[in-house]
Every structure is written in structure tokens, then in C-alpha cells.
């Protein structure tokens, strides 16, 4: 099977030649692996066997796609949000609408005039996907609530939701409408296999808002983004970190096909229990712990955890192997190679693939 066939087959809950893989690496991890494999960090996912080509076209690019290497370095994105690197990740320091009046907030304009720059990285991902028979996705997240609080600030966004829900609903839909605009543009440009959506509405212990509030205010906006993918006949993937168990049935009813990242150490998010309850309806992507297992576990513990995922979650398809977050740079290399070997990609195959990528790169630049 090529990558495209492998992912589609798993999403149809049918057996594959090996489990599909879509692993995310922290930029520093990609540099470490790139040095080891003698390839640019941007090609590490390809060498390691990722079956999906995808990148961000919405505000998550500003958070994850623009890399700063030293704490304190910063940028202001096309939305007017200021990001500063701290503790190895970009963090928001300025929310452009935090102190705005409702009238000023309603006058805010999303950066629809900057589509060429927003789609630059996606153009590259699509070119690789088409040339290499990869499964192609486009990430239009954050879609509603998470985009709103990035603009408004977490505290003010929650105050809006509690004190002025009609106003909040309008702005949540405007956030979703921009995600839809980006999705429509992506469908015009590329032969997408899935539409990747997302909205972090949960903490490590529970939902940030009540299930009732989520259903009343956030769900309708998110539904409109899901509807775009369904209307175009592609799979709909949804990303939400944390303990979102109370709304998983809603997401399934809305048309979600893939749930990521399944943080199994959060309440209600045991991937094996979720598989038993919802496994016939959706595909899971993730569940491999990056907080403790990968950086601190032994090689044997990593192997055991991957085997258990493959035996109990991927047995009928319906699973894409991924970590619950980006693989952190403190992860021992032997743990990374152990998880891949258990998934059917031995270390030597990774080095061989890297050598092939070096040859292609040399020919391209030659």
C-alpha cells in the first residue's frame, strides 16, 4: 500500500499492511533527528514514515509554524496577536481585542487579504503529497472558541460567553467563517483527503465551559466547519487536547471521523475504553503519551505501550499511530526508534529512506 491507500483503508476500519503513522515532532526534536539522519528538519517526518502530508493555514501556523529558538524571541501574526517563546513553545503575550468594546470587536477583520502567505506552506505540503502518493490534509484550526480567546483573551472570552452570549455567538461564528473561507480556498487549490479542524475546549481535567454552554454557543459554529468537509465528501478530523469525554458523542453526531490527540492520562480519555465505546463509529489518532512514557519510560515500556495500542485499538483499522503531543527533545532516541520498530518500520528502513531523500535533494539542487 502507498500512504494514501493506507490511511483511507484504516479510516474505513479495514486491515492495512501496517498501521498508518502521523507523528509530530517538536522543532528541536526535528533538528536532533535531522542531524542524525543528515537531512533537513523539514524532511524528518517523511524519513520516519509519516503517511500524511499536512500543515496549518489558520492561526495555528503562527503558534507552531513560526519557530523561535531562544526564549524571549517574538513575532506579531497576521491577526495582530503577539507570540513570545517561553518554555520551548510560543505563548501569547498580547490579545488584540482584549480591551476592545463590543462594537470594536465586531468591526475586527480577519486577514482574508493574506491568503497567499497563509497558504505558502500548504502549497509545499500538497506538492509533496501529490508527488509521493501521500494522504493530504489541510489544517484550518483553530476554528471557533480557541480562535476567539486568542483574539479576546481567555478571561474576557469567558466573560463574553457568560454575560453576553448573543455577542459571543456572533464572534464564534465569525471565527468559524474564516476557517470555512480557508477551507474553501484549500478545496479549490488541492485534492484534499481530509479537512483537519480543531478547537481546544478542554483542560487536563474537564471542559473549559460546561457541556450545555458548549452545545449552545460553540457547537453551532464548529458544526458549520464540519459541514464544509462533509459537503466536499472528505473525512473530517478534529483536534482537542484534554478531557473532552462529555462532548465526544456530540462530535460524532456532527460528523467527526477522526479524534486527535486522545490524551489518555486525562479523566475519561482512556483510549482503550473509548475504543470499546466509540470504535465502530470513529478513528482514533494519538494516545501515545509524551509527558511521561516517551521522554521518561524505558525502551521496553515504549514497546509494550505501542503493542497494546496496535493490538487493542488498531486491530480493525480505525487507528492512526500518533503521540498525544509533539515528541519532546528530551525523548531518548532509542525510545523513538523502538516505537517505530513496533509499528513495522525498523531503524534501518528509516536511515535508508533518509538516504533516498538526500539523493533526491541533491538531484533537485544539482
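None of the figures in this text is laboratory data; all of them are computed from the coordinates on show. Fair warning: this is a prediction, and the values are worked out from it, not measured in the lab. Heads up, the Cβs are rebuilt from the backbone with ideal geometry, glycines too, and the neighbour counts pull from every protein chain shown.
Using only alpha-carbon positions in segment 291-335, the gyration tensor eigenvalues give semi-axes of 21, 12, 7 Å once each is multiplied by 5 and square-rooted (largest first).
May I ask you to order 303-309, 328-334 by the average number of other C-beta atoms within 10 Å around their residues, highest value first? Please report the intermediate quantities before stating the final value.
Details: 303-309: 18.0, 328-334: 15.1.
Most protected by this proxy first, the peptides run 303-309, 328-334.
Only helical runs count toward this figure. For the chain, summing -39,500 (n - 2.57) over DSSP H runs of n ≥ 4 and dividing by all residues gives -13500 deg cm²/dmol at 222 nm.
Once you reduce segment 27-105 and segment 244-273 to the center of their Cα atoms, the two points are 25 Å from each other. On the basis of the beta-carbon distance and an R0 of 56 Å, residue 104 and residue 349 show a calculated FRET efficiency of 0.50. Against the chain, whose longest principal axis is taken from its Cα atoms, helix 299-312 shows a tilt of about 70°.
Over all alpha-carbon pairs in segment 69-159, figure out the percentage whose distance exceeds 23 Å. Can you show the working numbers first?
Working: 1635 of 4095 pairs.
In whole percent, the share of Cα-Cα pairs in segment 69-159 beyond 23 Å is 40.
Taking Cα atoms, how many degrees apart are the long axis of helix 154-163 and the longest axis of the chain, rounded to 10 and kept between 0 and 90? That helix lies at roughly 50 degrees to the long axis.
Find the percent of Cα-Cα distances in segment 1-155 that exceed 18 Å, and round it to a whole number. Don't skip to the end; give the middle numbers.
Working: 7915 of 11935 pairs.
In whole percent, the share of Cα-Cα pairs in segment 1-155 beyond 18 Å is 66.
Counting only alpha carbon atoms, the long axis of helix 219-231 and the longest principal axis of the chain meet at about 50°. Here residue 250 and residue 362 are evaluated by their C-beta separation; at R0 = 35 Å the FRET efficiency comes out at 0.10.
Can you sort 134, 145, 61 from fewest to most other Cβ atoms within 10 Å of each residue's own Cβ? If you can, show how the numbers build up before the last one.
On the way: 134 23, 145 28, 61 20.
With the fewest neighbours first, 134, 145, 61 line up as 61, 134, 145.
Take every Cα pair under 8 Å whose residues are at least 6 apart in sequence, average their separation, divide by the length of segment 3-365, and the relative contact order is 21 percent.
Averaged over residues, the count of other Cβ atoms within 10 Å places the peptides 221-227, 237-243, 92-98 in the sequence 237-243, 221-227, 92-98, highest first. The tail of the calculated P(r) for segment 201-350 beyond 24 Å holds 36 percent of all Cα-Cα pairs.
For segment 127-235, report the convex hull volume of the alpha-carbon atoms normalised per residue, in Å³, without decimals. Before the final figure, lay out each step's value.
On the way: hull volume 12.4 nm³, N = 109.
Taking the convex hull of the Cα positions in segment 127-235, it is 113 Å³ per residue.
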